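Step one of this worksheet: look at the structure below.
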Amino acid sequence: PPNRPPPPPEMEVASTDRPQMESSPMDMPKLDIPVNIGGGNALGAYSTGSGGGGMGGNNGAIPLATFEPMMPRKAALAGLASGKVLVEFTVTERGTVSNVRIVKEDPRSYDLGKAARQTIAKWTFKPAMVDGKPQATRMQQEIEFATN
(Lines give C-alpha, C1' and ligand atoms only; values in the text may rest on other atoms or scores of the structure.)
Protein backbone atom coordinates (compact mmCIF):
# COMPACT_ATOMS: atom_id res chain seq x y z
CA PRO A 1 0.00 0.00 0.00
CA PRO A 2 1.23 3.55 -0.71
CA ASN A 3 2.41 5.69 2.18
CA ARG A 4 -0.28 8.08 3.28
CA PRO A 5 0.42 11.38 5.05
CA PRO A 6 -0.55 11.45 8.72
CA PRO A 7 -3.96 12.95 9.52
CA PRO A 8 -4.01 16.61 10.66
CA PRO A 9 -3.82 17.15 14.42
CA GLU A 10 -7.15 17.31 16.22
CA MET A 11 -8.21 20.44 18.08
CA GLU A 12 -9.06 20.22 21.75
CA VAL A 13 -12.77 20.70 22.35
CA ALA A 14 -14.19 22.58 25.32
CA SER A 15 -17.86 22.38 26.16
CA THR A 16 -19.76 25.63 26.44
CA ASP A 17 -23.34 26.43 27.23
CA ARG A 18 -25.33 28.02 24.46
CA PRO A 19 -25.86 31.74 25.18
CA GLN A 20 -29.38 33.08 25.23
CA MET A 21 -30.69 35.32 22.48
CA GLU A 22 -31.96 38.82 23.25
CA SER A 23 -35.61 38.85 24.27
CA SER A 24 -35.89 42.64 24.22
CA PRO A 25 -33.57 45.55 23.36
CA MET A 26 -32.74 45.98 27.08
CA ASP A 27 -31.87 42.33 27.79
CA MET A 28 -28.39 41.08 26.99
CA PRO A 29 -27.52 37.41 27.11
CA LYS A 30 -24.56 36.39 29.22
CA LEU A 31 -22.29 33.71 27.88
CA ASP A 32 -21.64 31.03 30.44
CA ILE A 33 -18.09 30.15 29.41
CA PRO A 34 -15.58 29.82 32.23
CA VAL A 35 -12.37 31.69 31.52
CA ASN A 36 -9.56 31.07 33.96
CA ILE A 37 -5.94 31.74 33.03
CA GLY A 38 -4.62 29.98 36.10
CA GLY A 39 -4.17 26.71 34.27
CA GLY A 40 -6.26 23.66 33.70
CA ASN A 41 -8.74 23.35 30.90
CA ALA A 42 -11.46 25.76 32.00
CA LEU A 43 -11.53 27.13 28.47
CA GLY A 44 -10.29 25.38 25.38
CA ALA A 45 -9.98 26.68 21.87
CA TYR A 46 -13.01 25.32 20.04
CA SER A 47 -16.68 24.62 20.53
CA THR A 48 -19.54 23.94 18.16
CA GLY A 49 -22.43 24.41 20.59
CA SER A 50 -25.82 22.85 19.85
CA GLY A 51 -29.42 23.37 18.86
CA GLY A 52 -31.36 25.45 16.36
CA GLY A 53 -29.91 23.83 13.25
CA GLY A 54 -33.15 23.57 11.28
CA MET A 55 -34.16 25.55 8.22
CA GLY A 56 -35.68 28.93 9.05
CA GLY A 57 -35.01 28.47 12.77
CA ASN A 58 -34.31 31.00 15.50
CA ASN A 59 -31.33 30.67 17.84
CA GLY A 60 -28.75 32.75 19.65
CA ALA A 61 -25.10 33.22 18.78
CA ILE A 62 -22.98 30.14 19.52
CA PRO A 63 -19.26 30.39 20.37
CA LEU A 64 -17.10 28.57 17.80
CA ALA A 65 -13.56 29.62 18.76
CA THR A 66 -12.63 31.09 22.14
CA PHE A 67 -9.22 31.91 23.57
CA GLU A 68 -7.83 32.36 27.07
CA PRO A 69 -6.67 35.84 28.09
CA MET A 70 -3.10 36.58 29.07
CA MET A 71 -2.50 37.98 32.57
CA PRO A 72 -1.28 41.55 31.96
CA ARG A 73 2.36 42.20 32.80
CA LYS A 74 1.36 45.05 35.12
CA ALA A 75 -0.91 42.71 37.12
CA ALA A 76 1.67 39.91 37.26
CA LEU A 77 4.43 42.24 38.46
CA ALA A 78 2.11 43.60 41.15
CA GLY A 79 1.41 40.05 42.35
CA LEU A 80 -2.31 40.22 41.53
CA ALA A 81 -3.86 36.82 42.33
CA SER A 82 -7.25 37.25 40.64
CA GLY A 83 -9.61 39.64 38.92
CA LYS A 84 -12.78 39.80 36.84
CA VAL A 85 -13.83 41.80 33.82
CA LEU A 86 -17.37 42.01 32.43
CA VAL A 87 -17.32 42.86 28.72
CA GLU A 88 -20.22 43.72 26.44
CA PHE A 89 -19.89 43.23 22.70
CA THR A 90 -21.71 42.69 19.42
CA VAL A 91 -21.60 39.41 17.53
CA THR A 92 -22.01 40.50 13.90
CA GLU A 93 -24.00 38.74 11.19
CA ARG A 94 -20.67 37.23 10.06
CA GLY A 95 -19.88 35.85 13.55
CA THR A 96 -17.09 38.27 14.37
CA VAL A 97 -16.89 40.43 17.50
CA SER A 98 -17.19 44.23 17.35
CA ASN A 99 -18.03 47.18 19.61
CA VAL A 100 -16.33 45.72 22.70
CA ARG A 101 -17.01 47.72 25.87
CA ILE A 102 -15.78 47.16 29.40
CA VAL A 103 -18.79 47.13 31.75
CA LYS A 104 -16.96 46.29 34.99
CA GLU A 105 -13.30 45.71 35.88
CA ASP A 106 -12.27 44.47 39.33
CA PRO A 107 -9.70 45.42 40.40
CA ARG A 108 -9.02 48.44 38.22
CA SER A 109 -5.63 49.87 37.22
CA TYR A 110 -3.99 46.52 36.30
CA ASP A 111 -4.86 46.49 32.56
CA LEU A 112 -7.28 43.55 32.98
CA GLY A 113 -9.90 45.36 30.89
CA LYS A 114 -7.45 45.86 28.04
CA ALA A 115 -6.45 42.17 28.13
CA ALA A 116 -10.11 41.07 28.20
CA ARG A 117 -10.97 43.37 25.27
CA GLN A 118 -8.08 42.00 23.18
CA THR A 119 -9.06 38.42 23.97
CA ILE A 120 -12.79 38.71 23.26
CA ALA A 121 -12.05 40.47 19.94
CA LYS A 122 -10.41 37.22 18.73
CA TRP A 123 -13.44 35.02 19.48
CA THR A 124 -15.69 33.83 16.66
CA PHE A 125 -19.32 32.75 16.76
CA LYS A 126 -22.02 31.14 14.72
CA PRO A 127 -24.27 34.23 14.50
CA ALA A 128 -27.76 34.41 15.96
CA MET A 129 -30.43 33.31 13.49
CA VAL A 130 -33.87 34.86 13.13
CA ASP A 131 -36.19 33.35 10.52
CA GLY A 132 -33.18 31.53 9.07
CA LYS A 133 -31.12 34.71 8.55
CA PRO A 134 -28.02 35.76 10.54
CA GLN A 135 -28.56 38.71 12.86
CA ALA A 136 -26.19 40.86 14.94
CA THR A 137 -26.62 40.30 18.68
CA ARG A 138 -25.40 42.21 21.76
CA MET A 139 -23.87 39.92 24.41
CA GLN A 140 -21.97 39.99 27.71
CA GLN A 141 -19.19 37.75 29.00
CA GLU A 142 -17.38 37.74 32.35
CA ILE A 143 -13.69 36.90 32.06
CA GLU A 144 -11.89 35.71 35.19
CA PHE A 145 -8.17 36.11 35.73
CA ALA A 146 -6.47 33.91 38.33
CA THR A 147 -3.01 32.65 39.18
CA ASN A 148 -2.21 29.39 40.93
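Just to verify a result, which residue in region 88-109, among those that are basic (Lys, Arg) and part of a strand (DSSP E or B), is farthest from LYS122 (Cα to Cα)?
Selected residue: LYS104.
Return yes when VAL91 is surrounded by 15 or more Cβ atoms within 10 Å (Cβ to Cβ), modelled with pLDDT of 50 or more and in contact with a helix residue (DSSP H, G or I) (Cβ under 8 Å, 6 or more places away or on another chain) and no when it is not. Can you show your working first?
Working: surrounded by 15 or more Cβ atoms within 10 Å (Cβ to Cβ): yes; modelled with pLDDT of 50 or more: yes; in contact with a helix residue (DSSP H, G or I) (Cβ under 8 Å, 6 or more places away or on another chain): no.
So VAL91 fails the test.
Would you mention how many residues in region 82-127 are of a type in the set (Ser, Thr, Tyr) and closer than 27 Å to ASN59 by Cα?
Quick first cut of region 82-127, residues of a type in the set (Ser, Thr, Tyr) only: 82, 90, 92, 96, 98, 109-110, 119, 124.
Subsequent filtering for residues that are closer than 27 Å to ASN59 by Cα retains 90, 92, 96, 98, 119, 124.
Residues that pass the stated criteria total 6.
Within region 94-135, take every residue that is surrounded by 17 or more Cβ atoms within 10 Å (Cβ to Cβ) and small (Gly, Ala, Ser) and give me the one that is farthest from ALA76 (Cα to Cα).
ALA128
The values are calculated or read from the model by the stated rules, or taken from the named source; none is laboratory data. Just so it is clear, the model here is predicted, and its values are computed rather than measured. Positions of Cβ are generated from backbone atoms using ideal geometry, with glycine treated the same way; all protein chains shown enter the neighbour counts.
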